[in-house]
1. Specify which residue in the list Val194, Gly218, Asn113 is farthest towards the positive end of the charge dipole of region 83-222, using unit charges on the beta carbon of Lys, Arg (+1) and Asp, Glu (-1), about the Cα centre.
2. Taking a ≥ b ≥ c as the square roots of the Cα gyration tensor eigenvalues, with a/c under 1.5 meaning rounded and otherwise prolate when a/b beats b/c, else oblate, which class fits region 153-267?
3. Please work out the FRET efficiency for the pair Arg195 and Asn65, using the Cβ-Cβ distance as r and a Förster radius of 35 Å; give the result to the nearest 0.05.
4. All other residues with a Cβ under 15 Å from the Cβ of Leu137 taken together, and with Lys, Arg as +1 and Asp, Glu as -1, what is their net charge?
5. Starting from the 7 Å offset along Cα-to-Cβ, what nm value, one decimal, do you get for the label separation of Phe240 and Glu78?
6. Once the piece of chain linking Arg161 and Glu101 is laid out straight, how much longer is it, given 0.36 nm per residue of separation minus the C-alpha distance between them?
7. Could you tell me which trypsin sites (Lys or Arg not before Pro) in region 55-164 are loop residues by DSSP with no more than 15 other beta carbons within 10 angstrom of their beta carbon?
8. Under 27 Å between alpha carbons: how many lysine pairs meet that in region 232-344, if sequence neighbours fewer than 8 apart on the same chain are excluded?
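Every number in this text was worked out from the coordinates using simple rules, so none of it is lab data. Quick caveat, the model's predicted, so the values are computed rather than measured. Cβ placement follows ideal geometry from the backbone for every residue including glycine, while neighbour counts extend to all protein chains displayed.
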Amino acid sequence: MNRRKFLLTPIAGALAMVSLSLTQPAPTAAQTKVVNVYSARHYGALEKVFAEFTRETGIQVRLSNASTQALLERLRAEGPQTPADVFFVIDVGTLQIAAEEGLLQPLQSEVLNAVIPPELRDPKGRWYALSLRYRTLMYNPAKVKPSELSTYEALADRKWRGRLCMRPATHIYTVSLVASMIANLGERRTEQVVRGWMANRPIFIDSDSRILDTIAAGKCDVGITNHYYLGNKLKSDPNFPVKLFWANQKDRGVQVNLSGAGVTANAPNRENAVKLLEWLATRGQDPGVAGLPGGNSEYPVNPSAQPPEVLSQFGSFKADLASLPQYGPLQTKAIKLLERVGYK
Ligand SMILES: [Fe+2]
């Protein structure tokens with residue numbers, strides 16, 4: 001499945017929902033149903049989905065936020081004592097690494113297996129994609145014609161000298177983009193490309209949203225960001241002056257990543273954790289219930305869920321799902337390559 005197609009049928013709630021009756025006495029602390037979530041999602045007020053889950057199920061979501069890498073370190077350090085039930089991050093490579101290290105437990109969920117396509121979940125059930133994002137080229141249409149754009153690799157051409165905005169190597173988005181390039185092009189060719197980007201002296205900005213603002217302000221012409229940052233800008237300003245270009249459509253397709261989750265190996269609230277994942281994969285996909293993809297302009301992982309309206313203007317595209325299983329195994333190589341090249 002390379003080219004993703006979305007059916008426009010709304011999803012049916014696949015889960016029996018639990019609701020607390022107002023006539024019941026308030027639960028004591030010991031009775032309160034909770035799920036503790038280590039979350040690398042950093043979309044603040046856009047994340048109404050967790051409150052919606054609590055409203056429908058009565059299960060309190062306790063979120064603990066940090067970067068993807070910091071949460072993996074925390075899980076490793078805490079080992080079997082971790083209070084976390086759910087490890088919810090924004091990078092498939094890190095989910096693969098956590099699974100291989102035994103930090104996540106395999107699930108057998110008919111609900112998850114029915115709604116999440118096999119290439120978007122761990123074959124052993126240790127992690128599941130819950131929304132999709134594509135890292136692609138963004139440009140200022142006053143300065144760049146779409147016919148001048150093609151691939152990530154082509155940004156190494158010297159015509160882009162002094163015209164690029166890039167995210168630093170410390171961010172996992174950059175690491176996984178480079179891992180996907182190694183998977184497709186090999187290490188040598190990827191290193192040439194990254195050296196070419198560096199030779200073009202990009203402006204490094206550690207925020208996709210600010211990269212878009214910098215392009216809009218005319219301070220760089222082309223950047224690489226996740227698609228939903230532009231989706232979110234367009235929701236508040238339909239005339240935001242940056243355009244999206246789907247990268248590598250004539251070969252492997254645009255780079256894909258996912259926000260996904262697994263249940264920790266010794267989850268204290270395992271049952272509630274499974275319920276959260278199943279809810280996010282079904283009810284939580286629907287933009288109509290402030291769903292996970294809808295709130296942040298991501299694409300749903302459940303093929304029967306409707307993508308957020310703002311994304312229709314981006315059209316259809318081809319995505320490189322084939323290299324997804326390589327992000328974890330190639331993560332260290334990608335980090336070393338970026339260090340070697342002196343990528344900021
Ligand atoms: Fe993000």
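1. Comparing the listed Cα positions along the dipole, Gly218 ranks first.
2. Note, shape of region 153-267 comes out oblate.
3. According to the calculation, E is roughly 0.50.
4. +4
5. 3.3 nm
6. 17.4 nm
7. Lys124, Lys143, Arg161
8. 12
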